[in-house]
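Read the structure below first, then the notes.
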Amino acid sequence: MNRKYNKILLKLSGEILAGGGHFGLDYDAIRGICEEIAEVAKEGIMVSMVVGGGNIIRGAQTKYIERAQADYMGMLGTVINALALQDALESLGQPTRVQSAIEMRQIAETVIRRRAIRHLEKGRIVIFAAGTGSPYFSTDTTAALRASEIGADCVIKATKVDGIYDKDPEKYPDAVKLPHITYMDALSMQLKVMDAAAFSLCQDNDIPIIVFDVLKKGNLRRLLIDGENIGSIVSR
Ligand code: UDP
């Protein structure tokens, strides 16, 4: 099999798990995304995931709670999301393991790099929860970190738009899609699609970032199995 990406790290934001809304879990939306993910895993792609928590709590936006404390709450939110994804994937017959950066032995393994790699080799999807385990970071940075640790071929950043534009396509109808940009472009354009720490970690480890619309049915398959150039790519 001559596929470009065999081992992927898929970053799903919390908002995607909320379906059309901004808060909570939309089980139909989760199932829909999990069907697409399970499909590519069954084709032999090694799939690891980092899930966000923005549908539950965002540390930096919480005025009434100390930042670090709110960040820990945010990380716990990602664990709820990870368990929801695990349930949806396993109900589709896809084996999974959740690895949490904050120890929670009753519900998840601890993040152990070599163990995660072994799970992937055995065809299990690994869902990384609780971010980096430290406040003041984001789950985008976690995605870049875990991708580097497990030697992923790419980070796939699932968004609600179909790539990177020169300006916000939801605000400006004349926004132009950029199929390829460099890490330096991404940093200098201060793109909101991922934070600077995530871009620079991927740059340091030469891991391309693919930004694409995960809500469009069949897109993950098109990208990974059919080898189509969809979305936008950030690389050297
Ligand atoms: N968070 C953190 N450290 C990490 C990852 C996440 O403190 O390593 C917290 C932070 O408060 C963040 C929240 O968890 O706001 C949810 O993650 P994020 O905002 O990245 O989720 P997304 O936007 O992808 O849904």
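The values are calculated or read from the model by the stated rules, or taken from the named source; none is laboratory data. These numbers come from a predicted model, not from an experiment. Don't worry about glycine lacking a Cβ; one is built from the backbone with ideal geometry, like all the others, and counts go over all protein chains shown.
Quick look at the values:
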quantity	calculated
Single match in ARG124, ARG105, ARG115 (criterion: surrounded by 19 or more Cβ atoms within 10 Å (Cβ to Cβ) and either farther than 22 Å from ARG67 by Cβ or within 15 Å of the ligand (Cβ to nearest atom) (or both))	ARG124
Selection from segment 3-37 of residues that are at pLDDT 95 or above, of a type in the set (D, E, K, R) and either within 12 Å of the ligand (Cβ to nearest atom) or under 15 Å from the mean Cα position of the chain (by Cα) (or both)	LYS7, LYS11, GLU36
Residue tally, condition within 16 Å of the ligand (Cβ to nearest atom) and not aromatic (Phe, Trp, Tyr), over segment 68-97	17
Inter-residue pairs, beta-carbon under 9 Å, first without any contact (Cβ under 8 Å) to a residue 24 or more places away in the chain and in segment 177-191, second of a type in the set (S, T, N, Q) and surrounded by 14 or more Cβ atoms within 10 Å (Cβ to Cβ), 6+ apart	MET184/GLN203; LEU187/SER200; LEU187/GLN203
Filter result for the condition that a residue is crowded, with 21+ Cβ neighbours inside 10 Å, β-branched (Val, Ile, Thr) and within 12 Å of the ligand (Cβ to nearest atom), over VAL51, VAL47	VAL51
Selection from segment 192-236 of residues that are among the acidic types (Asp, Glu) and not in a strand (DSSP E or B)	ASP195, ASP204, ASP206, ASP226, GLU228
Failed item in (1) within 7 Å of the ligand (Cβ to nearest atom); (2) assigned to a helix (DSSP H, G or I); (3) not small (Gly, Ala, Ser), with ILE57 passing the rest	(2)
Single unsatisfied condition, LEU187 versus (1) away from the ligand (no atom under 14 Å from the Cβ); (2) surrounded by 14 or more Cβ atoms within 10 Å (Cβ to Cβ); (3) part of a loop (DSSP other than H, G, I, E, B); (4) at pLDDT below 95	(3)
Filter pass, SER100 being among the polar types (S, T, N, Q) and near the ligand (Cβ under 10 Å from one of its atoms)	no
Single residue of GLY44, GLY53 found to be touching a Leu at 6+ places or on another chain (Cβ under 9 Å), at pLDDT 95 or above and not hydrophobic (A, V, I, L, M, F, W, C)	GLY53
Identity of the residue in segment 133-163, among the hydrophobic types (A, V, I, L, M, F, W, C) and modelled with pLDDT under 95, that ends up farthest from GLY53 (Cα to Cα)	VAL161
